[in-house]
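Notes follow once the structure below has been shown.
The values are calculated or read from the model by the stated rules, or taken from the named source; none is laboratory data. Since we're looking at a predicted model, the values are computed, not measured. FYI the Cβ positions are ideal-geometry reconstructions off the backbone, even for glycines, and counts take in every protein chain you see.
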Amino acid sequence: MSATQLVWLRNDLRLDDNPALNLAQQQGDIAVVFVASPGQWQQHDDSPAKLGLKAASLKDISAQLAQKGIDLHLVEADFFSDVPGKLETLCRQQGYTALWFNQETPLDERRRDQAVCELLQQEGLETHALAPDLLVSAPVLTQQDEAFKVFTPYYRRWLQILQDLQQPPYPAPEKQGKKLTFEFDIPDWAGDYRDDLWPAEEEAVLDKLSRFCEKRLKAYPDDRDFPAQPATSTLSPYLSIGRLGPRRLLHSIQYHCLQQDLHWQDNDWLRELAWRDFYRQLMLHFPRLSMDKPFKPETEQVVWRDDEAGFQAWCEGRTGFPIVDAAMRQLKQTGWMHNRLRMITASFLTKLLLIDWRRGEQFFMQHLVDGEFGANNGGWQWSASTGCDAAPYFRVFNPTRQSERFDPDGEFIRRFVPELSSLKGKKIHDPDDETRQDLDYPLPVVDYKMARKRAIDTFADLKKD
């Protein structure tokens, strides 16, 4: 009888479509381990909401594994540097001879995994580090075998590779013994999150995916930029911790596009998922992104403003720009923000207030239930014009125009800035001074035209060097 294989779950918290679980079980019985690293997560600014969803997901996984007779070990190693020793001890105590896991792309995670593999192999144990959890996990390279630095050509090549893959989702592991007693205590590191918005059960997550594809996929290109409409998938919290596998996502898109007479290769939602892959792969090619560095080295010379009052007004949703304030309050109340609003609020902080993008990146990570290092870093650097394929430095969103265009009736603003709910028509996008005073709503913290010119001049000076 073959020895039991140990599968290490990390940011792939699912049984469905999990290569490590499936391929390990083809070798024999499996056991599963999850290593909590609360000290490291705090250093990485993971939000209480994200850790709450992670803990609730683990509880669901625990119950599923117990039903299948598969042991789950919950180990705590405060920092990544503690992980190799903890896993080696577990393998030795339980007699496991092989460790399986799906790789991750950020630098700290890769260094942790390398240290684990080196220690276990020294002890005579096998390690199986499988491809990262991406729709296209193989490197997507130019004809010169270099990393793409612009998204559109990357996306064309990415689509070509994806069409050739056509790999079905991996089935969940099979039962391998008697049902185990199921016990799970919510760990100390878990925070509160909106479980009414994001149920953690895998069955509910897969159902949410199917319902989005069935009901909203066709209208997604037209409706996705309007935050008052329930037009987006709101699956990002699950993608950030790997509750959904990439093959399952692709399978759902292809199936529902076929049902609705759509071409899956042209799907706008698939393109958004490609951005996630793009930002994750950049982590592999450009380690500086994991070191608080801008992608464009020349932008290290930008002199960011030290404006604590402006930053606090932005954090609290009291900037005097209704769409910005509504977005920031949505983030603080729900742990999530609509993608169009992420661009508006990030542009506001980095261009109009000229505050260092790293402060905004950190604040988002500390509050987002879907905080994911690659996508969050990529989005902030795009907005700040410091990143790969970033917005041109002279592109500065006008929050009022964005508001009029994407929340024309002020429905979203009224939902999250209730003090303005009585205003009619266009007035809600930029109330006059008297109205602001009457409704106890602040004056704008910055003059748009002046701030726009200041930002453009700041970046234009870099070009001259």
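The table that follows gives values for the structure above.
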| item | result |
| --- | --- |
| Failed criterion for T350 (all others in (1) assigned to a loop (DSSP other than H, G, I, E, B); (2) β-branched (V, I, T); (3) within 20 Å of D306 (Cα to Cα) hold) | (1) |
| The range 295-345, subset farther than 21 Å from C388 by Cβ and among the β-branched types (V, I, T), residue surrounded by the fewest Cβ atoms within 10 Å (Cβ to Cβ) | V303 |
| Any hit, the range 44-57, residues being under 25 Å from L244 (Cβ atoms), at pLDDT 95 or above and touching a Ser or Thr at 6+ places or on another chain (Cβ under 6 Å) | no |
| Single condition K332 does not satisfy, out of (1) in a helix (DSSP H, G or I); (2) in contact (Cβ under 8 Å) with a residue 60 or more places away in the chain; (3) closer than 28 Å to L209 by Cα; (4) within 22 Å of the chain's Cα centre (by Cα) | (2) |
| The range 1-19, residues that are among the aliphatic types (A, V, I, L, M), under 19 Å from Q94 (Cα atoms) and at pLDDT 95 or above | L6, V7, L9 |
| Candidates D409, D389, filtered to the one that is surrounded by fewer than 16 Cβ atoms within 10 Å (Cβ to Cβ), in the same structural domain as Q362 (by TED's automatic domain parsing) and either of a type outside the set (G, A, S) or assigned to a loop (DSSP other than H, G, I, E, B) (or both) | D409 |
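A quick yes/no check of all residues on (1) farther than 21 Å from D12 by Cβ; (2) of a type outside the set (A, V, I, L, M); (3) surrounded by 14 or more Cβ atoms within 10 Å (Cβ to Cβ); (4) at pLDDT 95 or above:
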site	(1), (2), (3), (4)
E104	no, yes, yes, yes
V116	no, no, yes, yes
A129	no, no, yes, yes
P139	no, yes, no, no
Y155	yes, yes, yes, yes
Q163	yes, yes, no, no
K179	yes, yes, no, no
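Conditions tested, residue by residue: (1) under 24 Å from P171 (Cα atoms); (2) assigned by TED's automatic domain parsing to the domain that holds Q281; (3) in a helix (DSSP H, G or I); (4) among the charged types (D, E, K, R).
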residue: G52; (1), (2), (3), (4): no, no, yes, no
residue: A55; (1), (2), (3), (4): yes, no, yes, no
residue: D60; (1), (2), (3), (4): yes, no, yes, yes
residue: G69; (1), (2), (3), (4): yes, no, no, no
residue: D78; (1), (2), (3), (4): no, no, no, yes
residue: S81; (1), (2), (3), (4): no, no, yes, no
residue: Q93; (1), (2), (3), (4): no, no, yes, no
residue: E104; (1), (2), (3), (4): yes, no, no, yes
